[in-house]
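Q: Sharing a structure, written as structure tokens. Questions coming.
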Amino acid sequence: MISQVRRFNRTATQRVGALQDEFLGRGRPPGEARLLWEIGPAGRDVRSLRAELGLDSGYLSRLLRSLESAGLVTVESSGADRRVRLARLTEAGHAER
């Protein structure tokens, strides 16, 4: 029984592409693609993204840096509270999303 479940799980993850380095043929890993989606058109604060996605702060930071270097996201401090960092999509980020 366990071997059948494992075989099914392997087949399902391969078919949906969950283990590939790119998602939906966009050349972007699934984590980055999900982060672009969650930032959304209005932008989000990094703390709420980390809490909602259940990500380690270091991993989220690496994802954001990768998206920044690709020109898809900007991360800046909030004007109201400098401790809060805001992630916003660039024009290219909106198009990619």
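Q: Just to be sure I understand, how many residues within region 47-63 are loosely packed, with under 12 Cβ neighbours inside 10 Å and not in a helix (DSSP H, G or I)?
A: Total meeting the criteria: 2.
Q: Give me the residue from region 81-97 that is without any contact (Cβ under 8 Å) to a residue 40 or more places away in the chain and either in a helix (DSSP H, G or I) or more than 12 Å from G40 (Cα to Cα) (or both) and, out of that set, least open to solvent (accessible area, probe 1.4 Å).
A: V84
Q: Taking region 1-46 as the search range and keeping residues that are at pLDDT 85 or above, open to solvent by 50 Å² or more (accessible area, probe 1.4 Å) and part of a loop (DSSP other than H, G, I, E, B), which one is nearest to H94 (Cα to Cα)?
A: P41
Q: Need the failing condition index for T74 against (1) of a type outside the set (K, R); (2) surrounded by fewer than 13 Cβ atoms within 10 Å (Cβ to Cβ); (3) assigned to a strand (DSSP E or B); (4) touching a Ser or Thr at 6+ places or on another chain (Cβ under 7 Å), just the number.
A: Of everything listed in (1) of a type outside the set (K, R); (2) surrounded by fewer than 13 Cβ atoms within 10 Å (Cβ to Cβ); (3) assigned to a strand (DSSP E or B); (4) touching a Ser or Thr at 6+ places or on another chain (Cβ under 7 Å), T74 misses just condition (2).
The values are calculated or read from the model by the stated rules, or taken from the named source; none is laboratory data. For clarity, every value in this text was computed on a predicted model and none was experimentally measured. All Cβ positions, even for glycine, are placed from backbone atoms using ideal geometry, and neighbour counts span all protein chains on display. We work out accessible area using only protein heavy atoms, side chains counted, and drop any ligands, DNA or RNA first. Shrake-Rupley method; radii C 1.70, N 1.55, O 1.52, S 1.80 Å.
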